[in-house]
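The numbers here are math on the coordinates, done by the rules we state, and not lab data. It should be emphasised that the depicted structure is a prediction, and the values quoted were computed from it without experimental measurement. For neighbour counting, all protein chains shown are included, and Cβ atoms are generated from backbone atoms with ideal geometry for every residue, glycine included.
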Ligand SMILES: *Cc1c(COP(=O)(O)O)cnc(C)c1O
């Protein structure tokens with residue numbers, strides 16, 4: 001078995017165990033294998049080893065890899081099941097046209113202007129684009145995302161956009177060496193999602209947890225954990 005396949009298997013086992021500890025259905029926590037900066041050969045290994053969702057930070061890099069995967073392993077990969085692609089990094093408005101329709105989920109919706117632009121581009125393509133609202137859960141100056149207290153207003157406004165479908169929330173809490181430091185933020189995300197669901201907004205997905213803290217996230221209600229380094233090794 002390749003190193004990537006071995007690590008992937010171990011991460012999945014740890015997600016399973018974390019979900020079980022919290023009394024959650026392990027199938028409700030899905031792994032997004034974060035392939036940013038990872039050469040396409042290793043992405044192929046991950047897909048062959050059962051990675052179903054790939055996460056990329058940059059639109060163009062992702063598009064190149066989508067093509068690369070097709071060229072490298074056309075027949076074989078469709079047997080393994082073609083992966084879904086998620087955009088997890090910041091999306092500039094002028095890249096929305098390229099992103100819409102190429103990613104089954106955009107995790108990084110963070111402004112009303114971007115929401116309107118995604119909606120406009122999706123309308124042109126005749127599709128509905130799924131996205132998550134990125135929450136700046138610790139209200140950090142330097143971080144992307146909208147503040148928790150603005151989430152309800154945002155959801156209300158965005159509900160008028162017919163070609164944009166917000167299916168939940170995403171966050172990147174402050175970097176910490178101890179995964180337990182992320183727990184209060186994950187709890188707060190879960191609470192916020194429950195509150196928005198009570199107001200009638202769709203809150204199917206909760207995208208939180210990275211290599212450092214994905215087990216804590218799985219315990220606290222994540223439905224998508226985004227793991228790069230722990231699968232592919234440190235980025236160069
Ligand atoms: C890079 C990245 C990840 C993965 O981080 P690792 O620490 O390598 O697991 C997850 N989410 C976002 C938004 C990222 O940019």
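Send over the Kirkwood Rh of the stretch 67-175, from the inverse of the averaged 1/r over different Cα pairs, rounded to one decimal Å. Walk me through the numbers on the way to the answer.
Working: mean 1/r = 0.0671 Å⁻¹.
With all distinct Cα pairs of the stretch 67-175 included, I get 14.9 Å.
Would you mind estimating how fast the stretch 178-229 diffuses translationally, via Stokes-Einstein at 25 °C and 0.890 mPa s with the Kirkwood radius over Cα pairs, in µm²/s? Numbers along the way, then the final one.
Working: Rh = 11.1 Å.
D, rounded to a whole number, is 221 µm²/s.
Legend: ranking of residues 210, 170, 1 from fewest to most surrounding C-beta atoms inside 10 Å; resulting order 1, 210, 170.
Pairs of alpha-carbon atoms within less than 8 angstrom and 6+ residues apart define the contacts here; what relative contact order does the stretch 1-63 have, in percent? Mind showing how you got there, number by number?
On the way: 47 pairs, mean separation 22.3, N = 63.
Normalised by residue count, the contact order of the stretch 1-63 is 35 percent.
The spread of Cα positions in the stretch 52-124, taken along each principal axis and listed from longest to shortest, comes to 41, 23, 17 Å.
For residue 187 and residue 9, the FRET efficiency from 1/(1 + (r/R0)^6), where r spans their Cβ atoms and R0 equals 35 Å, is about 0.75.
Counting pairs of Cα atoms in the stretch 139-228, how many percent are more than 14 Å apart?
Every Cα pair in the stretch 139-228 considered, those over 14 Å come to 64 percent.
Extents of the chain, largest first, come to 49, 43, 31 Å (Cα atoms, principal axes, whole angstrom). Sort out for me the Cα centre separation of the stretch 87-128 from the stretch 1-71, rounded to whole Å. Value for the Cα centre distance between the two parts: 22 Å.
With the simple model of a label 7 Å out from the Cα in the direction of the Cβ, residue 2 to residue 92 spans 3.2 nm.
Pairs of alpha-carbon atoms within less than 8 angstrom and 6+ residues apart define the contacts here; what relative contact order does the chain have, in percent? Each step should come with its number before you reach the end.
Numbers: 434 pairs, mean separation 48.6, N = 236.
RCO, the chain: 21 percent.
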